[in-house]
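The values are calculated or read from the model by the stated rules, or taken from the named source; none is laboratory data. These figures come from a predicted structure and were not determined experimentally. All Cβ positions, even for glycine, are placed from backbone atoms using ideal geometry, and neighbour counts span all protein chains on display. For the accessible areas, the whole protein counts, side chains as well, though only heavy atoms, and no ligand, DNA or RNA atoms are used. Shrake-Rupley method; radii C 1.70, N 1.55, O 1.52, S 1.80 Å.
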Amino acid sequence: MRHLISQTLHLSLSLLLIPLTLTAAEPETGFKPLFDGKTLSGWTGDSNYWRVEDGTIIGESTLEKPLTENTFLLWDQGVVDDFELRVSFRLTGSPSANSGIQFRSALREDGHVMGYQADIDKAGKWVGSIYDEVARGTLAQRGHQATIDSNGKITTTPLGDVQQILNVIKQDDWNEYTIRAQGSHLTLTINGVTTADVIDNDPAGLDRSGLLALQVHSGPAMKIEFKNLRLKRLPLEDGWKKVVFIAGRPSHAYFAHEHNAGCLLLAEALKAAQQNQGLKIITANYSLGWPQDPTALDNANTVVAYCDGGKGHFLNDYLDVFDNMVEQRHVGLVCLHYGVETLTGQPGDHFLKWIGGFFETYWSINPSWTANYTSFPDHPITRGVEPFEIRDEWYYHMRFVDGMQGVTPILSDLPPRETLTRKDGPHENNPAVRQAVLVDQQPQVTAWAYERPDGKGRGFGFTGGHMHGNWQHDQFRKIVLNAIVWTAGGDIPSTGINSPTPSDAQMQANQDDAPPKNFQFKSFLGQ
């Protein structure tokens, strides 16, 4: 009997040491594959060390091809922010074999990926730990929970018995890794057991968004295999909002319709506001139209469409997809310049629903003129905006929802007669616009905010943005930044979204083409 009691007590104590997060298989709802099982499409890396074989991604160093420095396979379709990643891995080779999965990371100029890493090794020293590649080193060893305070001090507590957790991990066999990152909370799970947990409150170290990559570590010959990679975006918490910029394809001459360069400037401005004004905003940038990343919009709060419009608008092919986002998650939409134009009929009806108005051919027109904005409505988008005058290809005479219900004109001015001298055409002129401007003397709306009925989110249309150089103008840029944050449901400070004026060099970066000979940039600096 005494022996039986001893055995029972021993069993009870052992059970207490097993982490309480051992769970049954979680459902796969919302997860989307990042690997087609056949090619490295969507991934970038050194083909000397990375390949696909038998439905798996293989990273391998050999005696013939040794590694003296780490090499990475980068997921090139987007960045990860708040997410859960599930992936199967198998590591073989010498006892010192080492690998890892980078997340929310950054790419150094020499190709090294820096940032959070879910560690993997053969000897069992590091596997299941959370590591900060290049920067802070180990944040939480396997079997530990770590809290990092605002000064970078790490305090750890045990999650369970370290050896028992290690015993769950299969040597030379397949294991299921789950990485979950939501805000400052990072959790690693292997085969259903939580191996490490971090609360990162260090503003100097916390990365809320960044790259995803797989690693082969330098050292002796080894092979790491990955399969069944699938990603699920998680909603942002604690008031944080996500802005997804989608830049259209190149289409115009140098310094005009620079969709990608413009989106990057605006994203950088929001990043500066996040650092300087405490704005709770993260951004993601995609170019060349609708993202290839299957998860790109799954946790977006608003989308910025800066692109060519009409029949070439990228949203035309995704009306039902985006409409579902509006209906289910109330995702905001900002359309810049040509991005406010779509086709009449079903596309136009959707734009009316999403942003309250659109450029309709044979009704709206697209002249270049100098608009003078002297007064603004009392609206969050106009906070901190001062009167300004600027030349652009300001579209006007938009097609709005009936009675302009829910529409607030943000920028309005009466266009000069010179804007109506062209012959009638789909974009150039028409009897209705001549009546409105020349006869009725109606100020024309060139930017507007829209509150969708039933609280289903917000939209914003902005007809300027033809001339890339205008993004250097502080008031021009501020009103768009305010609008982006407003459509995302974020809070706009009383002074508006402040951002450093981009330098001339920054303005000329990321252009679609090389500058033509004798190109001269007219800078707004010093004005």
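How many residues does segment 337-353 contain that are closer than 14 Å to Gly289 by Cα and open to solvent by less than 20 Å² (accessible area, probe 1.4 Å)? Let's see the steps before the verdict.
Of segment 337-353, the ones closer than 14 Å to Gly289 by Cα are 338-339.
With open to solvent by less than 20 Å² (accessible area, probe 1.4 Å) added as a condition, the list becomes 339.
So the answer is 1.
Identify the single condition in (1) open to solvent by 10 Å² or more (accessible area, probe 1.4 Å); (2) in a helix (DSSP H, G or I) that Lys232 does not satisfy, given that it satisfies every other one.
(2)
Only one of (1) touching a residue at least 60 places away in the same chain (Cβ under 8 Å); (2) open to solvent by 30 Å² or more (accessible area, probe 1.4 Å); (3) assigned to a loop (DSSP other than H, G, I, E, B) fails for Trp394. Which number is that?
Status for Trp394: all satisfied but (2).
Can you say whether Arg399 is at pLDDT 95 or above, under 31 Å from the mean Cα position of the chain (by Cα) and among the charged types (D, E, K, R), as far as the supplied structure shows?
Yes.
Just wondering, is there one or more residues in segment 217-229 that are open to solvent by less than 50 Å² (accessible area, probe 1.4 Å), touching a strand residue (DSSP E or B) at 6+ places or on another chain (Cβ under 7 Å), outside any strand (DSSP E or B) and small (Gly, Ala, Ser)?
For segment 217-229, residues open to solvent by less than 50 Å² (accessible area, probe 1.4 Å), touching a strand residue (DSSP E or B) at 6+ places or on another chain (Cβ under 7 Å), outside any strand (DSSP E or B) and small (Gly, Ala, Ser): present.
What residue, of Ala436, Ala447, is hydrophobic (A, V, I, L, M, F, W, C), open to solvent by less than 10 Å² (accessible area, probe 1.4 Å), free of Cβ contacts under 8 Å to residues at least 60 places away in the same chain and under 30 Å from Ser503 (Cα atoms)?
Ala447
Would you list the strands (runs of 3 or more DSSP E) that sit entirely within segment 239-340 and hold 3 or more residues that are basic (Lys, Arg)? Even if it seems obvious, please write down each step before you answer.
Values: elements: 241-247, 281-286, 302-306, 332-336.
Ranges flagged: none.
With the requirement that a residue be small (Gly, Ala, Ser) and either open to solvent by 40 Å² or more (accessible area, probe 1.4 Å) or over 14 Å from the mean Cα position of the chain (by Cα) (or both), what does segment 256-288 give you?
Ala256, Ala261, Gly262, Ala269, Ala272, Ala273, Gly278, Ser287
Take the residues of segment 46-66 that are farther than 15 Å from Leu229 by Cα and hydroxyl-bearing (Ser, Thr, Tyr): which is most open to solvent (accessible area, probe 1.4 Å)?
Once the filter is applied, the top-ranked residue is Ser47.
Could you tell me whether segment 141-159 includes any residue that is out of contact with any Leu (no Cβ under 8 Å at 6 or more places or on another chain), farther than 27 Å from Pro203 by Cβ, of a type in the set (Gly, Ala, Ser) and in contact (Cβ under 8 Å) with a residue 24 or more places away in the chain?
Checked segment 141-159: no residue is out of contact with any Leu (no Cβ under 8 Å at 6 or more places or on another chain), farther than 27 Å from Pro203 by Cβ, of a type in the set (Gly, Ala, Ser) and in contact (Cβ under 8 Å) with a residue 24 or more places away in the chain.
Just give me the residues in segment 107-164 being of a type in the set (Asp, Glu), within 16 Å of His217 (Cα to Cα) and in a loop (DSSP other than H, G, I, E, B), in sequence order.
Correct list: Asp110 only.
Return the residue satisfying two criteria in turn: it lies in segment 138-181 and is over 30 Å from Thr56 (Cβ atoms) and under 27 Å from the mean Cα position of the chain (by Cα), and of such residues it is least open to solvent (accessible area, probe 1.4 Å).
My answer is Ile148.
Here is a list of conditions, (1) in contact with a strand residue (DSSP E or B) (Cβ under 6 Å, 6 or more places away or on another chain); (2) at pLDDT below 95; (3) under 16 Å from Leu211 (Cα atoms), and Gly111 meets all of them except one; can you say which number that is?
Among (1) in contact with a strand residue (DSSP E or B) (Cβ under 6 Å, 6 or more places away or on another chain); (2) at pLDDT below 95; (3) under 16 Å from Leu211 (Cα atoms), the lone unmet condition for Gly111 is (1).
Restricting attention to segment 183-207, report how many residues are in a loop (DSSP other than H, G, I, E, B), charged (D, E, K, R) and open to solvent by less than 20 Å² (accessible area, probe 1.4 Å).
Selection size over segment 183-207: 1.
I'm checking my understanding of the structure. Among residues of segment 456-491 that are aliphatic (A, V, I, L, M) and more than 20 Å from the chain's Cα centre (by Cα), which one is surrounded by the most Cβ atoms within 10 Å (Cβ to Cβ)?
Ile479
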